[in-house]
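These notes concern the structure reproduced below.
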Amino acid sequence: PQMVMITFDDAVNSNNFDIYQRLFNGQRKNPNSCDIHGTFFVSHKYTNYSMVEELYRVGHEIATHSITHNNDESYWTDGDKETWRKEMSGGRDIIEKFGRIPRGGVLGERAPLLRLGGNNMFAALEESEFLYDSSMVAPLQNPPLWPYTTYFAIPHACHGNFQKCPTRSYGVWEMVMNEFDPRELPGDSTEQVSGCVMLDSCTEIRTPDALYNVLTHNFIRHYEQNRAPMGLFMHAAWFNKSPEMLDALEFWIDEILATYNNVY
């Protein structure tokens with residue numbers, strides 16, 4: 001089967017809850033006739049926890065995106081183990097308490113700004129017994145990468161400006177973020193293309209048609225190669241700003257679900 005992962009980052013509140021309810025409307029079903037679901041990386045500030053509780057109740061995965069979501073990149077890059085532990089383990093505690101999610105229901109986290117904290121970050125995650133991290137970006141490559149454990153060396157370059165990847169072994173899964181090919185159609189394999197990881201930060205995606213074509217191109221790229229999970233990593237604010245993009249995303253999801261009986 002081909003897995004497609006839908007994730008949203010940042011606070012859950014009345015600015016975006018209706019978008020989530022529209023996308024996950026209970027009408028879109030996987031081939032096993034269960035509803036499609038997403039993962040929400042929730043940061044604490046401005047979050048309405050009754051909405052988080054409701055997302056969890058209907059079957060979505062809730063993960064933490066830190067307490068402060070500090071916008072100073074060096075805070076994360078240079079953060080010590082204790083900073084990362086407080087931010088992530090503390091964020092999980094808050095979600096489980098105020099979102100009334102059973103203890104152990106929050107399994108993963110994503111670093112704010114996707115700024116990795118190297119060994120300090122992963123040591124904190126391991127000690128806090130997180131199952132996975134989903135912050136590491138794998139540069140655009142064919143075939144894309146499957147999730148991997150950090151017991152061994154990471155199977156790709158440490159991608160990004162001044163990123164600090166772990167250099168030691170940790171018992172944490174990495175739900176790696178494969179970059180998108182921003183082209184609407186497969187191009188020349190020798191052409192140098194820079195990928196983008198967040199759908200809403202792809203400067204090439206300016207129109208709903210472009211979004212549809214880029215999604216289709218990348219879906220085929222995953223499906224016809226090694227069926228590594230395809231990630232749709234987004235911020236809901238994008239759809240507030242450009243509602244026509246939500247239309248295109250919904251159209252694409254509905255078409256994929258109608259066309260393939262092995263895509264979840």
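The values are calculated or read from the model by the stated rules, or taken from the named source; none is laboratory data. Predicted model, so just to flag it, every value in this text is computed and none were measured. When we count neighbours, we look across all protein chains shown, and the Cβ atoms used for this are built from the backbone with ideal geometry, even at glycine. All accessible areas refer to the heavy atoms of the entire protein, side chains included, with ligands and DNA or RNA removed. Shrake-Rupley method; radii C 1.70, N 1.55, O 1.52, S 1.80 Å.
So the values come out like this:
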quantity: Some residue of region 62-84 being under 28 Å from Arg227 (Cα atoms) and in a loop (DSSP other than H, G, I, E, B); calculated: yes
quantity: Residues of region 101-119 satisfying the condition of being open to solvent by 20 Å² or more (accessible area, probe 1.4 Å) and of a type in the set (Lys, Arg); calculated: Arg103, Arg115
quantity: Selection count, region 221-249, where residues are open to solvent by 60 Å² or more (accessible area, probe 1.4 Å) and either in a helix (DSSP H, G or I) or in contact (Cβ under 8 Å) with a residue 24 or more places away in the chain (or both); calculated: 8
quantity: Scope region 173-226; condition out of contact with any Asp or Glu (no Cβ under 7 Å at 6 or more places or on another chain) and of a type in the set (Asp, Glu); matching residues; calculated: Glu179, Asp181, Glu184, Asp188, Glu191, Asp200, Glu204, Asp209, Glu224
quantity: Output for region 15-36, where each listed residue is assigned to a loop (DSSP other than H, G, I, E, B) and under 19 Å from the mean Cα position of the chain (by Cα); calculated: Asn16, Phe24, Ile36
quantity: Within region 141-197, considering residues that are in contact with a Cys (Cβ under 6 Å, 6 or more places away or on another chain) and assigned to a strand (DSSP E or B), the one farthest from Phe219 (Cα to Cα); calculated: Cys196
quantity: Residue list for region 129-162, restricted to those being among the polar types (S, T, N, Q) and surrounded by 18 or more Cβ atoms within 10 Å (Cβ to Cβ); calculated: Ser134, Ser135, Thr150
quantity: Qualifying positions in region 13-55 - under 25 Å from Leu114 (Cα atoms) and of a type in the set (Lys, Arg); calculated: Lys45
quantity: Matching entry among Glu109, Glu87, Glu96 (being closer than 20 Å to His235 by Cβ and without any contact (Cβ under 8 Å) to a residue 24 or more places away in the chain); calculated: Glu87
quantity: Positions within region 52-100 being surrounded by 15 or more Cβ atoms within 10 Å (Cβ to Cβ), within 19 Å of the chain's Cα centre (by Cα) and over 17 Å from Ser135 (Cα atoms), in sequence order; calculated: Val52, Leu55, Tyr56, His60, Ile95
quantity: Residue in region 93-104 that is at pLDDT 95 or above, part of a loop (DSSP other than H, G, I, E, B) and in contact with a Leu (Cβ under 6 Å, 6 or more places away or on another chain) present; calculated: no
quantity: Scope region 88-116; condition acidic (Asp, Glu) and touching a helix residue (DSSP H, G or I) at 6+ places or on another chain (Cβ under 9 Å); matching residues; calculated: Glu109
quantity: Where a residue in region 1-12 is closer than 22 Å to Leu113 by Cα and assigned to a loop (DSSP other than H, G, I, E, B) and its partner, wherever it lies, is charged (D, E, K, R) and modelled with pLDDT of 95 or more, with Cβ under 7 Å and at least six apart; calculated: Ala11/Lys45
quantity: Residue within region 170-181 that is over 24 Å from Ile6 (Cβ atoms) and modelled with pLDDT under 95 present; calculated: no
quantity: Lone qualifier among Val12, Val4 - being open to solvent by less than 50 Å² (accessible area, probe 1.4 Å), at pLDDT 95 or above and under 19 Å from Ala237 (Cα atoms); calculated: Val12
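For (1) closer than 16 Å to Met121 by Cα; (2) touching a helix residue (DSSP H, G or I) at 6+ places or on another chain (Cβ under 7 Å), each residue gets a yes or a no:
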| site | (1), (2) |
| --- | --- |
| Tyr148 | no, no |
| Gly171 | yes, yes |
| Glu174 | yes, no |
| Leu185 | no, yes |
| Val193 | no, no |
